[in-house]
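Shown next, in structure tokens, is the structure this report addresses.
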Amino acid sequence: MKKIILIICILVIGFWLLPFGARAALIDNLKDQISQKEEEIRQLEQQAAAFKKSLQDAQSKKSTLKNQISLIEERIKKLKNDISLTNAKISSASLQIDKISLDISNKENDIGKRETSIGLMIQSLYESDGESLMETVLTKSSLSDFLNQVRYLETLQLNVYNELTRIKELKKELESQKIAIEYQRNLFYNLNNQLTNQKQIVDSEKKDKDYLLIQTKGQEKQYQSLLDETLKKQQEIEQEIYELEDKLKLAYDPSSLPDARPGVFSWPLDGILTQGYGYTAYSKKLYKGGFHNGIDVSSSYGEPIRAAKDGKIIAIGNCGKYAYGKWIAVQHENKLTTLYAHFSSYNGLKVGDSVKRGDIIGYEGSTGYSTGAHLHFGVYVTETFKVESQWYGLLPLGAHLDPMKYL
């Protein structure tokens, strides 16, 4: 009996101590690396805030060729910092995956060790049950030996209970860690996608800078002429959109729509509202129709834009330097369709793809006709939504509603 209990103690306390210690040291090392990476992320986020401020200052300046070139250069600086930040987050996620994997391995080993220990203890208890109380007393040389055996059996029973309780706790912790590692793996995958898109946006900005210099030949007069021509065509496009959508607003039954209440859609961009829906001071000045068919939200160039609700992508288009620029439309089961416009980049999605609320579908930009980086967000009645081919690209149209009533 003493030998059996000694074996059990070795199994419970010491047998796995050396390999576990090695794993523990590795986990500690990973924790140190994670802490270092978190500090790097913190510093890069501080730099990102500074770049965002510089970008806002550059965007607020009068539109001249020199200022526009400076704005593009500020965007590139900001995006390069974003790339460094994303790389740091990818490294952190990778380290977290390694750490959690080791934690899971340790817990699985611990559970296996404790199950073996329980098996031995139960076997001992089973063998002791084969003896009657009188047989146990008679086989002992003294009452003291008998009482010691009784205590051993009580200890075994208590150890079995404690081990079973601890195994139950470990399995619960194991399930939590499996959820945590799945989250980190998804994060790792999404960050890699984000990194790819950020690099593409930087390349696009460099091309835009080169194209602008070619178009204007580096001359301010040429640039202002280009701006005037773009504004004139844009006003014609806005008038056309206003007239087409005004007719579509008559083609649906308002009673068929979901109740207008907060929370139907989540905010697609974490930023500030820069223009509301309807007749705004800016829309009256810019658009002949004087009506703004969505809302504008601004954060910072290259920031992720997310789906406002579960749905399916039904259209993707690019209006070039006019209207909505790069845009995506998502159809939802509640008979509404949401429009996201002025992307700097899509997120590798295509028509027919399903998206979940909060999924990244693109990145904030200034494509199309835009005085600065922002998201144009529109809500349409699905049965009226359509896409028309125009000389400048695919144009989304439909009976629009006030997004603020659903956000």
Going by what's in this entry, would Leu397 be described as farther than 13 Å from Val297 by Cβ and out of contact with any Cys (no Cβ under 9 Å at 6 or more places or on another chain)?
yes
Of the residues in region 181-215, how many are in contact (Cβ under 8 Å) with a residue 40 or more places away in the chain and either acidic (Asp, Glu) or not in a helix (DSSP H, G or I) (or both)?
2
List the number of the failed condition for Gly368; all other conditions in (1) out of contact with any Leu (no Cβ under 7 Å at 6 or more places or on another chain); (2) surrounded by fewer than 18 Cβ atoms within 10 Å (Cβ to Cβ) hold.
(2)
Kindly indicate whether Arg357 is over 25 Å from Asp82 (Cβ atoms), in a loop (DSSP other than H, G, I, E, B) and not assigned by TED's automatic domain parsing to the domain that holds Asn81.
no
Within region 314-327, is there a residue that is touching a Cys at 6+ places or on another chain (Cβ under 8 Å), touching a residue at least 60 places away in the same chain (Cβ under 8 Å), under 20 Å from Leu244 (Cβ atoms) and surrounded by fewer than 21 Cβ atoms within 10 Å (Cβ to Cβ)?
no
Give the residue, chosen from Ala88, Ala93, that is farther than 30 Å from Lys171 by Cβ, assigned to a helix (DSSP H, G or I), under 20 Å from the mean Cα position of the chain (by Cα) and among the hydrophobic types (A, V, I, L, M, F, W, C).
Ala88
Out of the residues in region 190-221 meeting the condition of being charged (D, E, K, R) and closer than 18 Å to Ser345 by Cα, tell me which one is nearest to the chain's Cα centre (by Cα).
Lys199
Can you confirm whether Tyr282 is farther than 19 Å from Val379 by Cα, of a type in the set (Ser, Thr, Tyr), part of a helix (DSSP H, G or I) and touching a helix residue (DSSP H, G or I) at 6+ places or on another chain (Cβ under 7 Å)?
no
Flag if Lys61 is under 28 Å from Leu226 (Cβ atoms) and of a type outside the set (Val, Ile, Thr):
yes
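The values are calculated or read from the model by the stated rules, or taken from the named source; none is laboratory data. As the structure is a computational prediction, the values presented were derived from the model and not from experiment. With ideal geometry, Cβ positions are generated from the backbone for all residues, glycine too; neighbour counts draw on all protein chains shown.
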